[in-house]
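Read through the structure below, which is laid out as structure tokens, and then see the notes.
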Amino acid sequence: MRLFWVWALILALAACGPADQSATSPAPGADNILRIGNGAEPQTLDPHRAEGVPESNILRDLFEGLVGEAPDGSLVPGAAQSWTVSDDGLIYTFILRPDARWSNGEAVTAGDFEFGLRRSVDPATLSRYSSILFPILNAEAVINGELPTTELGVRALDDNTLRIELNSPTAYLPGLLTHSTTYPVHRASVAAAGERFARPGSLVGNGAYQLSEWTVQSHVRLDRNPYYRDAANTQIDTVYYYAIENPDAELKRYRADELDITGALPYQQLDWVRENLGEELVISPYLGSYYFGFNLTRPPFKDARALRTALAMAIDREILTQRVAGAGEIAAYGWVPPVAGYTGQQPEWANWTQAERNARAQALYAEAGYSATNPLRVEVLYNTNENHKRMSVAIASMWKQVLGVETSLLNQEWKVFLETRNQKSDTQVFRAGWIADYNDAYSFAQLMHSKNEQNDSGYVSAEYDALLDKAAVEQDPTVRAGYLEAAERELLADLPIMPVYFYVSKHLVKPRVQGFVPNIMDHHATRHLSLNGD
Amino acid sequence: MAAPQNQPVLRFAVQRLLGAIPTLLVLIALAFFLIRLAPGGPFDSEKQLPPEIETKLRAAYNLDDPLPMQLGRYLLNIAQGDFGPSFQYRDFTVSELIATGFPVSLRLGSLAMAIALLLGITAGTLAALRQNRPADYTIMGAAMTGISIPNFVLAPLLVLVFAVWLGWLPAGGLGDGSLRYLVLPVIALALPQVAYIARLTRGSMIEVLRSPFIRTARAQGLATHTIILRHALKPALLPVVSYLGPALAAIITGSVVVEQIFGVPGLGRFFVQGALNRDYTLVMGVVVFYGSLIIALNFIVDLVYGWLDPRLRQV
């Protein structure tokens, strides 16, 4: 009997263990509480050190940049009510809203933005994304530790006026100023709490919501900031961002009515979702490009443009997007996805039939010196993932069928893959994808610049670099777009990469969520949403 | 108990504790080198870092020092209870993460263990009493199935049935920390152990029931439940108690899988995510913490074993 009581005791102890988290509970479908599936656990909520999509979703609720985004993703005044640009395009002057407040009620001043931008480029902050600020005068030198942060081209002229000086006219600056590296931070709380200020209790933001709870690997809870300048029009009281990496688990929680919006969708269940939850499925173009890169630094792709072209022509993108990817992805023949103010470029063969492409691909393949008796043997590297595997298998079989290429597939776990791909010493063909940091063609174009760390193909083209450098200093948007378009044509003639498709964003959204507007950046600030009482 | 009798126990305890130190050191060194040997590093990400910034990051985390020096510094720090900052979750230290994750895992694990013992011992005893009869075959059949189904298969099935179809229980997460969020993870974690413990109990109970002292008790006319509970259970539990150490290890490793599937923010989930993210300090912290825990609990099991089996005390 004694043992029985021991068990009973263990059971009782376990049952009434640490239940102190019970202070807050999102009842299923409770009024005015929004529950969002947000992918991986945020690495940090310090806006200057954040880099991933999950954290930027949360930061968009916690902070407000000088420039904001409307529900459809278009740029609108944010913390700044207006701005002017000097004639040479080098100086931006922002007028802040006089009614902007921190979540503790203090006024948001131009000095806070100056402090924030300086902190962002301060080498001591260890920001991994600050290089995005290179267009600002002296930013590069400050990041590299060659100049003090006070030399950054950002000045608070008075409490309401901020001046930003640039190295060269940068047409995409307003878009850049929606990025979290440019957010202001509250000086006193950063000084008091040090580098771990971004936690409940010490994080003071200027966004529509404030941080009230953070359980790592579970959720982040935000509550409405009563001091937010537009608090009167903010509908939702509380929002939970759940850390769920696995789309299958996320779908189950959505079906069990524990989530209002999912962050992703499992491809394998797409047909089931279409059939059963079709009304709640929101799919729309997303500013991302899915492609395979060729390693140009070693054989067989070094100095082998004909071969690369043959391989790029021989894949049937209609089949790849409709049968393999399957969520409505757009077949891509060019590198830059459809983006405002830019005409996407395509090679001439984009308009041919697949049969014509195949015939030409066979001719080019032969020209490159390969044949049925001497086939190309190539290795395709992708990161371990069911979707990438299916895509790679489909491409390999198309190459085999059309050209007789012998492909071997190699998958590596994410971190291993990133290292291998970046070293360029082992890869031949590798999978890649790129999502824009800001809504501008340059966010894609810069990747293929010979000096870019992201240029995993090792593509070096003096013409391409020259066109990009011209675009970087060009002020006239049409002329600038012309340079970028010419650069893309150059790229598509050389084909250091093989475009496959342009991404779509995929969410399930409960009918009770109102105001969810699909947009190309896939940004959905909570303050633009509301909930229907059901 | 008199003092002379206590001394062997004390000497035994001290010996075991001293023996644990080299074990722990080997474990730390192995984990330290293994995670660093794995290709890919904490700073590899989709957006490549400019070289200057990567250099600064490596310097900030002392990653450029020779490995033995890094290991030495790490040992010094953990001796002072400092597991360092997390590479991945930059707003938290590893000690803070362990402090939030462990209570969750402890609750999950102790509930699973309690249920495994309660159900396993009861089912095993029942099966032994009905040896080779339908009840026995049913229980042992169920146990066999329980052992054969891995929890990464069982867990999603439980979610589909009880959360999605029936809507009785949450599909994942910890919610407000109330029990209903723990029911499915605990079941997924406990079931294989229930099965194993039931089989162990049945086997040893059958043996005990055949022994002379039980026959004597029967001959004296004692009621069956008295015989079982007062006389047979304690000796029959010996194999179960010695299985507690491995069971604990199985529950800890099982929780790595189960927490990941249910999105429960415990240490197991930290461990998996830490390994995927090459979060060196977090992985090391969890290894050291769990390593010490398992060593400590095995030590306790040894002491309990002595209490249950008087023969061992006289050695």
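Quick note: the coordinates plus some simple rules give every number you see, no bench work behind them. This one's a predicted model, so the numbers in the text were calculated from it and none came from an experiment. When we count neighbours, we look across all protein chains shown, and the Cβ atoms used for this are built from the backbone with ideal geometry, even at glycine.
Suppose R0 equals 35 Å; then what is the FRET efficiency for A:Glu146 and A:Trp272 from their Cβ-Cβ distance, rounded to the nearest 0.05?
0.05
Provide the descending list of Cα extents for the protein assembly as shown along its principal axes, expressed in whole angstroms.
The Cα atoms of the protein assembly as shown stretch 107, 74, 61 Å along the principal axes, largest first.
Order these peptides, A:468-475, A:443-450, A:343-350, by their mean beta-carbon neighbour count within 10 angstrom, highest first.
Top to bottom by mean Cβ count within 10 Å: A:443-450, A:468-475, A:343-350.
Could you give the Stokes-Einstein D for the stretch B:38-84 in µm² per second, using the C-alpha Kirkwood radius, 10 °C, 1.306 mPa s?
130 µm²/s
In whole angstrom, note down how far apart the Cα centers of the stretch B:86-159 and the stretch A:418-459 are.
For the stretch B:86-159 versus the stretch A:418-459, the Cα centre distance is 46 Å.
Given points 7 Å out from each Cα along the Cα-Cβ axis, report the B:Ser45 to A:Ser397 separation in nanometres with one decimal.
3.7 nm
Could you put B:Leu154, A:Leu177 in order, starting from the residue whose Cβ has the fewest other Cβ atoms within 10 Å?
B:Leu154, A:Leu177
Between A:Asp99 and A:Ile283, what's the calculated FRET efficiency when r is the beta-carbon distance and R0 is 45 Å? Round to 0.05.
0.75
Which net charge results for the neighbourhood of B:Leu129, defined as the other residues with beta-carbon distances under 14 angstrom from its beta-carbon, given Lys and Arg at +1 and Asp and Glu at -1?
+3
PRE reach from B:Leu24 (point 7 Å along Cα→Cβ): which of the stretch B:72-111 fall under 14 Å by backbone N?
B:75-83
Normalized C-alpha radius of gyration of chain B, against 2.2 N^0.38 Å?
That works out to 1.23 for chain B.
Below 28 Å Cα-Cα, how many Lys pairs turn up in the stretch A:287-503? Only count pairs eight or more apart in sequence, or on different chains, if you could.
14
Where nothing but the Cβ of Lys and Arg (+1) and of Asp and Glu (-1) is charged, how large is the charge dipole of chain A around its Cα centre, in debye to the nearest 20?
1180 debye
Determine the relative contact order of the stretch A:245-306: mean sequence separation of Cα pairs under 8 Å and six or more apart, normalised by residue count, in whole percent.
18 percent
May I ask which residue of B:Val264, B:Gln220, B:Val183 lies farthest towards the positive end of the charge dipole of the stretch B:100-277, with charges of +1 (Lys, Arg) and -1 (Asp, Glu) on Cβ and the Cα centre as origin?
Of B:Val264, B:Gln220, B:Val183, it is B:Gln220.
Given the rule -39500 (n - 2.57) for each run of at least 4 DSSP H residues, summed and divided by the residues of chain A, what is its mean residue ellipticity at 222 nm, to the nearest 500 deg cm²/dmol? Intermediate values should be presented prior to the final figure.
Values: 15 runs with 154 residues, N = 534.
About -8500 deg cm²/dmol.
Work through the residues other than A:Asn138 whose Cβ is under 13 Å from its Cβ and net out their charges, Lys, Arg +1 and Asp, Glu -1.
-3
Stokes-Einstein at 20 °C, 1.002 mPa s, Kirkwood radius from Cα pairs: D for the stretch A:287-503 in µm² s⁻¹?
For the chosen part, D equals 122 µm²/s.
To the nearest Å, what is the center-to-center distance of the stretch A:142-214 and the stretch A:309-331, using C-alpha atoms only?
42 Å
Taking the simple approach of a point 7 Å from Cα along Cα-to-Cβ for both B:Asn62 and A:Ala232, what is their distance in nm?
Using points 7 Å along Cα→Cβ, the separation is 5.6 nm.
Using alpha carbons only, how many degrees (0 to 90, rounded to 10) separate the axis of helix A:354-367 from the longest principal axis of chain A?
Long axis of A:354-367 versus the principal axis of chain A: about 60 degrees.
If you take the beta carbon distance between B:Leu166 and B:Thr145 as r and set R0 to 22 Å, what does 1/(1 + (r/R0)^6) give as a FRET efficiency, to the nearest 0.05?
On the way: r = 21 Å, r/R0 = 0.96.
E between B:Leu166 and B:Thr145, to the nearest 0.05, is 0.55.
Could you check the simple spin-label distance between B:Leu222 and B:Leu179, using points 7 Å along Cα→Cβ, in nm with one decimal?
3.3 nm
Applying a 10 Å radius around every beta-carbon, put A:56-68, B:228-240 in order of their mean neighbour count, most first.
Peptide ranking by packing, descending: A:56-68, B:228-240.
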